[in-house]
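The values are calculated or read from the model by the stated rules, or taken from the named source; none is laboratory data. Keep in mind the model is a prediction, meaning the values are calculated, not measured. Neighbour counts run over all protein chains shown; Cβ positions are idealised from the backbone, glycine included. Each accessible area value is taken on the protein alone, full model and side chains, heavy atoms only, with ligands, DNA and RNA left out. Shrake-Rupley method; radii C 1.70, N 1.55, O 1.52, S 1.80 Å.
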Amino acid sequence: MPHDRSALGAFLRSRRDSLTPAQAGIEPFPGARRVPGLRKEELALLAGVSPDYYSRLEQGRQANVSDSVLDALARALCLDDVERAHLADLANPVPGVRRRGTPEQRPDPSLLRVMTALEHVPVLLLGRRGEVLAGNALLTAVLGRALSPGTSFTRFLLQDPVARARIVNWVDFAEWAVAALRRETSRLPGDRALEALVTELRRDPQVDAWWRDHRIRDFVPARKQIDHPRAGRLSFQVELLIAPHDPHQRMVVYTVQPDSETAGLLPLLAAWGVEADAASQ
């Protein structure tokens, strides 16, 4: 059965629309412009393919796409490494039948041992689709929710009012989560649980707008500001560790500067405990 090329075409169109001729390093073709970014003909010229061939790509009518063409398109569109990987996954999805789900993930033992050693800071272990595999008590105290295994952290972040209230720079993390979720759809083609989650989340107009933007993000260290009801403002640098044998398991660590105010407050949060934190809401 031929691959569904609609996602590939939509991604190419979105990146073409976002890139102006000046940014691409070319003079615009003459005539009135009806698109915000590059014309199809301009991108085809930059990539060294015919306009008809490129049109077939965007329309989902091109059955096969060579690696050399993908490389040329990535260069022409000024894609970063994450976007290049996404483009390749869309062009050459992993073969297989559509599935209702994937085998249950079990937390990587080595990451669990690291989590135990990091009990002095909030730590979260995520699996496919942003599902929680494990988390420690400080994470619950900081975020205000007990995220048990199997819980969708993506759903918590985008739908739970506690997340919006506590995460001061919520928009930054919410937009990143949507971009990361889109990246995962090309890594797990045909995963019906993932497709259902995306459909659910897109009922929110803001999430839907982020989704239609077609931005792709991978994790980068980021500053997260928390407005805690008892401890006040907390500041973390969020870092990521990936399981060596399972790239779909990611440990999220909320690090702090050793002499910072937040570092001094974390032992108090641990002493107050989850029950005290819940009672303060």
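So, ARG145, is that one over 30 Å from GLU104 (Cβ atoms), among the basic types (Lys, Arg) and either more than 14 Å from the chain's Cα centre (by Cα) or at pLDDT below 90 (or both) or not?
Judged against the criteria, ARG145 is not a match.
How many residues does the stretch 64-80 hold that are surrounded by 19 or more Cβ atoms within 10 Å (Cβ to Cβ) and part of a loop (DSSP other than H, G, I, E, B)?
Matching residues across the stretch 64-80 total 3.
Across the stretch 229-265, what is the total count of residues that are buried (at least 16 other Cβ atoms within 10 Å of the Cβ), in contact with a strand residue (DSSP E or B) (Cβ under 8 Å, 6 or more places away or on another chain) and not in a strand (DSSP E or B)?
Matching residues across the stretch 229-265 total 3.
Taking ALA63 and the conditions (1) touching a His at 6+ places or on another chain (Cβ under 9 Å); (2) among the small types (Gly, Ala, Ser); (3) at pLDDT 90 or above, which numbered condition does it fall short on, given that it satisfies the others?
(3)
Tell me, which residue of the stretch 104-134 that is over 18 Å from the mean Cα position of the chain (by Cα) and under 27 Å from ARG192 (Cα atoms) is most open to solvent (accessible area, probe 1.4 Å)? Reasoning before the result, please.
Applying the first criterion (over 18 Å from the mean Cα position of the chain (by Cα)) to the stretch 104-134 yields 104-123, 134.
Now drop any that are not under 27 Å from ARG192 (Cα atoms), which leaves 104-108, 134.
Numbers: GLU104: 152, GLN105: 31, ARG106: 176, PRO107: 42, ASP108: 20, ALA134: 15 Å².
Per the stated criteria, the residue is ARG106.
With ALA32, ALA47 as the choices, which residue is over 26 Å from the mean Cα position of the chain (by Cα), of a type outside the set (D, E, K, R) and surrounded by fewer than 12 Cβ atoms within 10 Å (Cβ to Cβ)?
On the way: ALA47 fails: surrounded by fewer than 12 Cβ atoms within 10 Å (Cβ to Cβ).
After applying the criteria, what remains is ALA32.
Please give the helices (runs of 4 or more DSSP H) falling wholly within the stretch 1-63 in which 1 or more residues are of a type in the set (Phe, Trp, Tyr) and within 19 Å of ARG182 (Cβ to Cβ).
Because the criterion is at least 1 residues that are of a type in the set (Phe, Trp, Tyr) and within 19 Å of ARG182 (Cβ to Cβ), the helices (runs of 4 or more DSSP H) in the stretch 1-63 that meet it are 6-17.
Results for (1) assigned to a helix (DSSP H, G or I); (2) surrounded by fewer than 18 Cβ atoms within 10 Å (Cβ to Cβ); (3) outside the structural domain of HIS86 (by the TED database), shown as yes or no for each residue.
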position	(1), (2), (3)
THR154	yes, no, yes
LEU158	yes, no, yes
VAL162	yes, yes, yes
ALA165	yes, yes, yes
VAL171	yes, yes, yes
TRP176	yes, no, yes
LEU181	yes, no, yes
PRO189	no, no, yes
LEU194	yes, no, yes
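Please work out which one of (1) among the charged types (D, E, K, R); (2) without any contact (Cβ under 8 Å) to a residue 40 or more places away in the chain; (3) open to solvent by 80 Å² or more (accessible area, probe 1.4 Å) is the condition ARG223 fails and give its number.
Exception for ARG223: condition (2).
Please enumerate the residues belonging to the stretch 196-228 that are part of a helix (DSSP H, G or I) and either closer than 28 Å to ASP81 by Cα or among the hydrophobic types (A, V, I, L, M, F, W, C) (or both).
If the condition is that a residue be part of a helix (DSSP H, G or I) and either closer than 28 Å to ASP81 by Cα or among the hydrophobic types (A, V, I, L, M, F, W, C) (or both), then ALA196, LEU197, VAL198, THR199, LEU201, GLN206, VAL207, ASP208, ALA209, TRP210, TRP211, ARG212 are the ones that fit.
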